[in-house]
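One structure below.
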Amino acid sequence: MIKGPKDILILILALGALAVSIVFLPWSELGFTGNFPDWLSAVTNYFGVNKIFAELGTNKDLISLVKSSDAQHNLGDYAYSLFLFGVITASAIAIVLVGKEDNAEKTVLEVKK
Amino acid sequence: MTSSVQNESNDNWLKQGYNHFIDIANKITLAIEDGINIAVTSKYNPLYYHGALPQFYLWVLFLSGLLLFAYYVPTIDNAYLSNRLINAWTSVQYITNSIPFGGVIRGIHRYAGDAMVLFIFLHAIRVWFTDRYRQYRWIQWVSGVVLLLMVLFIGQTGYYLVWDERSLLLTRMTVSALEALPIIGAPLKAWFLNGDTITNLTLSNFLFIHIGLSFALLFVLWLHYVRMTRPVITPPPAVNFVLVGILLLAVFLVPITSGKMADLNSQPNTYEVDWFFLFNYWLMSHMSLAVFWVSMTAAAVIATILPWLVKNVSPPVIPAEVVISKCTGCSLCYRDCPYQAIEMVPAPAGSRFKLLATVNIPRCSSCGICVGACAFDAIDLPQLPDANVLSEIKTFAEAK
Amino acid sequence: MAQSKPVITLVCERAADLNSLLDSKGNLAEMPDVHVVKFPCSGMIQPLMIEAALKAGAGGVIVCGCQIGDCYYREGNKMIRDRLLGERPPGLKKATDRRRIMALWLSRMQKQRFIAESKEFIYRVQALDIQEGISAGNKASANPAPTVAAKPAVTAPTAAPVVDSSSTSTPTAATTSAPAAAKPTIRPPTTATTPATEKSSSTPEAESDKTSST
Ligand code: HEM
Ligand code: SF4
Ligand code: SF4
């Protein structure tokens with residue numbers, strides 16, 4: 001399985017992602033330091049995603065959209081799924097970048113001795 | 001190929017129009033695939049795992065469904081009896097709001113269903129546009145249509161299970177649609193409701209259909225795969241991750257909620273349409289039931305027989321032939337044939353070898369992979385014998 | 001032109017669309033030394049055919065199938081790829097000169113990539129010819145002047161074993177050093193003719209099936 005530095009890098013990244021996600025799990029259940037909604041608005045505002053929804057015609061920004069639904073019962077769960085989305089998408093991109101084959105379109109044979 | 005080009009001038013406008021459409025659709029498909037290849041190389045091109053995508057979501061559905069099933073209670077118990085009521089709706093509420101990550105799991109189950117339908121369509125459209133659905137592949141196509149219909153129906157029963165006002169409305173709409181059918185209508189209605197009216201038994205029936213048909217999918221999938229050697233059913237991990245990521249994002253952005261608890265005495269008449277599963281209810285409310293049934297049936301029938309409606313677009317399949325005197329029974333062709341078209345049978349008496357390859361003609365795609373697999377020149381495509389290829393190669397190489 | 005050795009291309013008819021690039025004899029109009037043999041699927045190509053081509057005096061063999069993952073017959077291109085790599089029987093014989101084989105996995109629209117890669121491959125193969133011409137000349141002085149670059153000093157039957165002569169220096173060193181030495185002396189005739197045109201419509205009816213005629 002492990003054939004070179006690439007694979008070790010993947011392994012480290014994978015373990016890192018796993019560790020971070022597990023560490024985040026209880027914290028998310030606490031609503032991210034107990035003040036979850038504000039935490040979420042801070043992050044979404046920072047990246048500018050919050051408003052996008054309002055502009056897309058839902059006439060509510062992302063935070064009020066989430067809060068207005070039943071999801072308010074367990075916002076931590078939902079925030080965690082957003083967080084996991086980030087982790088998993090980032091790892092997918094990482095895997096693709098590492099595993100992408102430069103020579104996917106060409107096979108040159110190695111010379112046998 | 002040349003012959004079909006010549007024939008086209010004699011064909012009617014429908015056929016010409018169709019061929020033209022497929023031609024353009026095919027080019028667009030190829031262009032999209034090329035674009036993705038440039039971005040992520042063929043190794044991660046999801047379109048090259050088109051069949052594996054719905055299959056992956058099926059596993060997600062089984063797993064998340066199992067977790068929901070653990071807490072789901074299929075009853076419609078009366079809303080007025082007690083305030084510690086246990087029925088389908090309250091159990092779903094309980095899952096959503098009280099169980100850790102229950103809402104997320106419910107969301108994953110819902111959106112995995114939607115995504116599965118989406119990717120089934122993508123898969124079906126790709127095999128259609130790239131001409132991978134006819135002739136020796138008809139079993140895959142026809143079982144595919146059955147799979148699609150089953151998945152749609154399973155999804156709809158999922159919507160009944162929540163037992164909110166939408167569920168009630170959908171159930172009533174289904175009942176009236178069934179009643180409109182001649183002869184089979186009444187028994188179908190009785191089967192659907194598990195009785196004459198909506199009772200607790202109705203919901204257990206819905207649950208049974210939902211889960212039972214889901215397992216029946218596995219059987220139809222077996223039919224779908226049976227003629228394909230080594231079907232590609234698992235996308236690479238990176239693609240899986242993205243598929244899960246899509247779900248998690250959707251779960252967060254649009255949390256799943258139930259409507260009000262269904263009340264048999266109420267008459268709900270509006271509902272939110274899930275375009276992946278409930279489009280036929282939308283159709284139903286926009287046309288007469290007769291038109292609805294006729295058009296639905298027609299669509300299903302046309303989809304099923306599409307492989308036979310389209311003909312003469314590519315040359316006929318001329319199956320591979322085994323040269324009995326040369327075959328050593330090594331089974332290499334049998335292992336490599338992509339459509340399970342080769343069977344190894346006992347060699348005729350007096351042969352030096354134990355086995356003999358035979359071609360199962362209706363399955364053969366005329367691809368020649370078996371020719372590439374055979375080191376003994378014992379299997380050949382009649383239209384392109386390898387001896388001819390070899391002499392063409394030699395003629396050119398030696399001419400210089 | 002006659003000096004350079006022929007190159008055989010074994011191509012799946014659904015992969016890179018070469019039809020518009022062919023002349024009436026099934027050679028690439030731009031590079032008449034390259035002969036194209038079409039197959040219904042690259043999976044039909046036998047390692048035997050590649051060996052036969054090299055044995056008969058071809059300078060190199062190009063195998064071309066669809067993008068890996070996109071085989072119309074599901075697995076054909078993976079099969080031939082694995083066979084070439086020795087991961088699936090039947091494979092190439094040990095003595096086969098693997099430097100003279102290249103496989104491309106190109107979609108229908110990628111004919112420009114095919115042309116570009118083929119040109120590069122031909123450079124490489126011609127450099128090998130020079131190498132082998134020189135080393136063969138050194139060993140057996142019976143050979144005509146080694147200065148005539150690409151003249152096939154190596155006769156067909158010995159083509160494969162000759163690999164040994166160059167392997168006195170390591171094979172990789174030979175391949176990498178060779179092009180540098182070769183480039184100034186020979187310009188492959190191919191580049192001199194025309195830059196690759198998008199649609200060389202010179203032979204629009206090249207569609208006609210060349211492969212089955214012998
Ligand atoms: C539950 C839904 C479905 C799943 C999980 C599924 C999965 C698959 C898989 C894994 C393959 C093998 C691909 C390969 O290895 O080459 C395949 C092939 C195929 N599928 Fe589906 N499929 C589904 C629905 C459909 C539908 C709705 C259609 C069309 C109406 C369809 C038509 C086909 C055809 C024609 C092939 C053969 C393609 C070939 O031979 O290259 N499938 N499917
Ligand atoms: S040509 Fe050979 S490998 Fe291809 S489907 Fe027919 S029997 Fe199988
Ligand atoms: S690969 Fe050739 S020799 Fe082996 S079983 Fe098939 S036809 Fe017979």
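Miscellaneous remarks
- Residue ID - surrounded by the fewest Cβ atoms within 10 Å (Cβ to Cβ), chosen from residues in the stretch C:62-81 that are facing chain B (nearest Cβ under 9 Å) and closer than 23 Å to A:Val111 by Cβ: C:Ile68
- Residue in the stretch B:224-233 that is of a type in the set (Val, Ile, Thr) and under 17 Å from B:Tyr57 (Cα atoms) present: yes
- Whichever residue in the stretch B:300-351 is within 12 Å of chain C (Cβ to nearest Cβ) and away from ligand 3 (no atom under 16 Å from the Cβ) and, among such residues, is modelled with the highest pLDDT: B:Ile318
- B:Ser391 surrounded by 20 or more Cβ atoms within 10 Å (Cβ to Cβ) and either closer than 25 Å to C:Asn77 by Cβ or within 12 Å of chain C (Cβ to nearest Cβ) (or both): no
- When B:Arg363 is tested against (1) within 16 Å of ligand 1 (Cβ to nearest atom); (2) basic (Lys, Arg); (3) within 21 Å of C:His35 (Cα to Cα), just one condition goes unmet, and that condition is (3).
- Residue count for the stretch B:327-368 under the criterion of being more than 15 Å from ligand 2 (Cβ to nearest atom) and surrounded by fewer than 17 Cβ atoms within 10 Å (Cβ to Cβ): the result is 8.
- In the stretch C:23-54, residue nearest to ligand 1 (Cβ to nearest atom) [restricted to those that are touching a strand residue (DSSP E or B) at 6+ places or on another chain (Cβ under 8 Å) and part of a helix (DSSP H, G or I)]: C:Gly43
- From the options B:Arg106, B:Arg137, B:Arg126, residue that is touching a residue at least 40 places away in the same chain (Cβ under 8 Å), part of a helix (DSSP H, G or I) and more than 10 Å from ligand 1 (Cβ to nearest atom): B:Arg106
- Look at (1) crowded, with 21+ Cβ neighbours inside 10 Å; (2) more than 16 Å from ligand 1 (Cβ to nearest atom); (3) under 28 Å from B:Asn37 (Cα atoms); (4) among the small types (Gly, Ala, Ser) and you find that C:Ser20 fails only one, number (1).
- You will find that of B:Ala52, B:Ala88, B:Ala115, the residue that is touching a residue at least 24 places away in the same chain (Cβ under 8 Å), among the small types (Gly, Ala, Ser), touching a Pro at 6+ places or on another chain (Cβ under 9 Å) and closer than 23 Å to B:Thr171 by Cβ is B:Ala88 and no other.
A quick yes/no check of all residues on (1) away from ligand 1 (no atom under 13 Å from the Cβ); (2) among the hydrophobic types (A, V, I, L, M, F, W, C); (3) surrounded by 15 or more Cβ atoms within 10 Å (Cβ to Cβ):
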{"residue": "B:Leu207", "(1), (2), (3)": "yes, yes, yes"}
{"residue": "B:Ala262", "(1), (2), (3)": "yes, yes, yes"}
{"residue": "B:Asn269", "(1), (2), (3)": "yes, no, no"}
{"residue": "B:Ala290", "(1), (2), (3)": "yes, yes, no"}
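- Residue match in the stretch C:82-96 (condition: within 15 Å of the chain's Cα centre (by Cα) and either within 7 Å of another protein chain (Cβ to nearest Cβ) or surrounded by fewer than 24 Cβ atoms within 10 Å (Cβ to Cβ) (or both)): yes
- Annotation note: of C:Ala52, C:Ala58, the sole residue that is within 8 Å of chain B (Cβ to nearest Cβ) and free of Cβ contacts under 8 Å to residues at least 24 places away in the same chain is C:Ala52.
- Residue match in the stretch C:106-128 (condition: facing chain B (nearest Cβ under 8 Å), touching a Leu at 6+ places or on another chain (Cβ under 9 Å) and free of Cβ contacts under 8 Å to residues at least 24 places away in the same chain): no
- Listed conditions (1) within 16 Å of ligand 1 (Cβ to nearest atom); (2) away from chain A (no Cβ under 14 Å); (3) closer than 17 Å to B:Leu61 by Cα are all met by B:Leu161, apart from (1).
The values are calculated or read from the model by the stated rules, or taken from the named source; none is laboratory data. Keep in mind it's a predicted model, so treat the numbers as computed, not measured. All Cβ positions, even for glycine, are placed from backbone atoms using ideal geometry, and neighbour counts span all protein chains on display.
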